[in-house]
Structure formats: C-alpha cells, structure tokens
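Structure first, then comments.
Just so you know, all these numbers are worked out from the coordinates, no wet-lab data involved. All values derive from a computational prediction rather than experimental measurement. Cβ: placed from backbone, ideal geometry, glycine included. Neighbour counts: every protein chain shown.
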Amino acid sequence: MPDITVKPVIKPELKVERPRLYKVILINDDYTPREFVTRVLKAEFRMTEDQAHAVMYTAHTRGLCVVAVFTKDIAETKATRATDAGRAKGYPLQFITEPEE
C-alpha cells in the first residue's frame, strides 16, 4: 500500500463586522402641518402618538431631530417613503439619512 500524506484544508477565518448604522433625520420646515408630520412618524416609524409628537416638536424647536437609527438600506427606504408621503400631499416635508458616528 502506498504511503499517502493528507494535508488538512485550512479555511481562512471570516471576520464578521456589524453593518454601519445610519440616522434618519427629520428636517423642520414652516409649511408642513404638525399633525401631518406626527401622522407620518406614526405610520412609517411605528411611533406612538406621544413619541411622534415629541420628535415633531424637537424638530420644530431645534430645526431637526434624529428620528431613528437603522442599517443603511432600511434608513434610506424609510426616509424616502416618509419624504414621499409629504410630497404626495404637496408639503416640503424632508427626511435625510447620515452615518451614525
């Protein structure tokens, strides 16, 4: 019987990193009704009435407010859908995303 040497196959270790997170930010404007902003926050971001009102009021007084933090794809989708909801009603409602630091 011939002498056979078997070398083990070594698989390289994969390093798994957490996906980078992105903030969804509500930008205040002087034209979109507060009630409409609250309704969009409740519908798109699954907020309670109190949470949505607090976010809306913070954006109103400070100019902007971080709504939530998600992975990039989810953050961009939610920001786009929320902005589009305002545009569909003729409001300049705007949500943007930026990387979490």
Where trypsin sites (Lys or Arg not before Pro) fall in DSSP loop in the stretch 1-59, at most 14 other Cβ within 10 Å: K15, R20, R46
Give me the dipole magnitude in Debye, nearest 20, for the stretch 21-99 about the Cα centre, with unit charges on the beta carbon: positive for Lys and Arg, negative for Asp and Glu. 80
Chymotrypsin sites (Phe, Trp or Tyr not before Pro) within the stretch 29-101: DSSP coil, no more than 11 neighbouring Cβ in 10 Å: Y31
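Taking 0.36 nm per residue of separation and subtracting the Cα-Cα distance, what length does fully extending K72 through K89 add? Numbers along the way, then the final one.
Working: separation 17, 0.36 × 17 = 6.12 nm, distance 2.63 nm.
Result for the pair: 3.5 nm of gain on full extension.
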Please determine, in degrees from 0 to 90 and to the nearest 10, the orientation of helix 34-45 with respect to the longest principal axis defined by the Cα atoms of the chain, where the helix direction is its Cα long axis. 20
Would you list which lysines come within 23 Å of K42, measuring only between C-alpha atoms, while excluding same-chain residues fewer than 8 positions from it? K23, K72, K78, K89
Compute the angle between helix 49-62 and the longest alpha-carbon principal axis of the chain, please, reported from 0 to 90 degrees and rounded to the nearest 10. 80
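Test of the criteria: in the stretch 22-61, which GluC sites (Glu not before Pro) are in a DSSP loop and have at most 16 other Cβ atoms within 10 angstrom of their Cβ?
Working: sites: E35, E44, E49; in loops: none.
Within the stretch 22-61, no GluC sites (Glu not before Pro) qualify (loop, at most 16 other Cβ atoms within 10 Å).
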Amide H proximity to M47 below 5 Å, modelled H, separation 5+ or other chain, gives K42
So what are the three principal axis dimensions of the chain from its Cα atoms, in whole Å, longest to shortest? 87, 25, 21
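Given R₀ = 35 Å, what would the calculated FRET efficiency be for E17 paired with R46, taking r from the Cβ atoms and rounding to 0.05? Kindly include the intermediate steps, with their values, before the conclusion.
Values: r = 27 Å, r/R0 = 0.78.
The value I calculate is 0.80.
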Dipole of the chain [Lys/Arg +1, Asp/Glu -1 at C-beta], most positive-end residue of T5, F95, V55: T5
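Tell me what the chain gives for mean residue ellipticity at 222 nm when only DSSP H runs of n ≥ 4 count, each as -39,500 (n - 2.57), the sum divided by the residue total, rounded to 500 deg cm²/dmol.
Calculated from helices alone, the mean residue ellipticity at 222 nm is -14000 deg cm²/dmol.
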Counting only C-alpha contacts under 8 Å and six or more residues apart, can you give the relative contact order of the stretch 21-99 as a whole percent? 50
